[in-house]
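The values are calculated or read from the model by the stated rules, or taken from the named source; none is laboratory data. As the structure is a computational prediction, the values presented were derived from the model and not from experiment.
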Amino acid sequence: MVMRLLIENAVKHNKMTEQKPLRIITIESGEEGAVVCNSLNLKQAALPGVWVWQT
C-alpha cells in the first residue's frame, strides 16, 4: 500500500510529456524495505513563482 501511495504522489505532483517522461525507479533493499526514486518535473501553480503543495 505504501508503494502505491509513493507512486501516486509522484504522478500527482509532476508534469509528464513525451519529451520529459516521468521515470519511477523502485529498488528493493532487503529487510530494510524499498527505495522509490522519480524524475523531477514539478507542475507549476497558476501564478509564476508560487508553488501549490497539496496534503
> Taking into account only those residues within the stretch 15-55 that are at pLDDT below 80 and of a type in the set (A, V, I, L, M), which is farthest from the chain's Cα centre (by Cα)?
Replying inline: L47
> What number of residues in the stretch 10-39 are β-branched (V, I, T) and not in a strand (DSSP E or B)?
Replying inline: 2
